[in-house]
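Values in this text are rule-based calculations from the coordinates and carry no lab data. What you are looking at is a predicted structure, and each value in this text was computed from that prediction instead of being measured. For neighbour counting, all protein chains shown are included, and Cβ atoms are generated from backbone atoms with ideal geometry for every residue, glycine included.
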Amino acid sequence: MTTRAVAWVALAASTIVLLCSGAIGAIIGTGAASSCPPPSPAVSGTSPPRSGPPTPNASQRPVGRWTSEQVTNAATIVKVGADLDVPRRGWVVALATAMQESSLRNLPGGDRDSIGLFQQRPSQGWGTPTQLADPVYAATRFYRALLQIDGWQNMPLTQAAQQVQRSAYPHAYAKWEDDANALLQAVGSANWRAIPDDLEQCVSTGGWTAPLRAPVVSGFRTVERPGHDGVDLGAVRGTVVRAASPGRVVRIRCNAIDVRDGDDWGCDRDGDPNLTRGCGWYLDVGHRGNVTTRYCHLLHEPVLRVGDRVAAGQPLGYVGSSGRSSGPHLHFEVHVGGGPVDPEVWMRDHGAPLGITAGRG
Ligand SMILES: [Zn+2]
């Protein structure tokens, strides 16, 4: 664990007091607990493995609204990031940036003298027009600039992208985060998607994995909070939240009420611990055996749809602070047969303990 990570964990544990609520319907618990590698704090980006990056020159299939050309450019951006040993978070920042700047098209021109996927400008020292027209060169320059920014891995996507791009519209980047993650999943081979520090690799034989690796900052139905039907995991805004087990999305909803007048507070802004009621943006996943998991206070409306199948470890959304919340965290619930159970006990019994139980060097 790095010094920064240690400091962050201490900060999170000491300062976050979290409030939230929720209720689901759902029975039966199964799944043998098994050994999962010691978890490591995946608070920020992690290094990708060196094996098996995608082949950028091969034409990629369209994904959703993204054409073959756009997906192929995405694959190039990811490949360059993997080759440069940029942590995975950086690939997402790069993809979201290129989505905003060029819609993932290698544009011959643009605003003023901007060129290419990232709309970099020769006059600003990014390279010659010929160089910037090469997606590999353009992506390389983007990553090099990103890696120069101290603490970029702990920044919200918008802030990291803005510091590289110095865009006139910095807030436009964030809206691409879900698409960037979805495309990242699509262009990767199964080989390098199983990133060493990635929770996707840490699925128990019972099929469970922690939704994220973060300290438990508030427990299930404590003396102080007997109505708290889940656990709170303190994590930085934008941390990826993953499905705890395979299943199907059964609910996506915004629930944030202004307690003063009963009006809708909205979920696309932070809630308030005193003035807001509800889970904010939340998502429920139904699993085998009448088990449901709930993920609250998400940053954006999830890109998934009700009915979508999800794999254990598949990204569902991002840590935010929507609904009744005093700071970014994930409120996580497990319901068995219609009633909430202690997620810490459930996850431990299913081989996927919550919290940070081991560090890494
Ligand atoms: Zn909570």
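Before moving on, here are some points about what is shown:
- Close amide H pairs (under 5 Å, H built 1.01 Å from N) link residue 256 with 265, 266, 280, residues at least 5 positions away or on another chain.
- Vicinal HN-Hα couplings computed from phi for segment 133-144 (Karplus, 6.51 cos²θ - 1.76 cosθ + 1.60; Hz; Gly/Pro x): 7, 9, x, 5, 5, 4, 5, 4, 5, 4, 4, 4
- Dipole-positive endmost among 78, 173, 152 within segment 68-193 (Cβ charges, Cα centre): 152
- Our coupling estimate for segment 311-325, obtained by passing each phi through the Karplus curve with A = 6.51, B = -1.76, C = 1.60 and θ = phi - 60°, is 8, 4, x, 6, x, 10, x, 10, 4, x, 9, 7, x, 6, 7 Hz, Gly and Pro reported as x.
- Size descriptor, Kirkwood hydrodynamic radius, that averages inverse alpha-carbon separations across segment 68-193, Å: 14.1 Å
- Amide H within-cut-off set for residue 244, under 5 Å, with H built and near neighbours excluded: 313
- By the count of neighbouring beta-carbon atoms within 10 Å, fewest first, 283, 275 end up ordered 275, 283.
- Segment 68-193, dipole about Cα centre (Lys/Arg Cβ +1, Asp/Glu Cβ -1), debye to the nearest 20: 100 debye
- Amide proton proximity set for residue 120, modelled H, under 5 Å, gap of 5+: 115
- Sorting 137, 143, 295 from the fewest to the most surrounding beta carbons within 10 angstrom yields 137, 143, 295.
- Residue order, fewest to most beta carbons within 10 Å, for 228, 297: 228, 297
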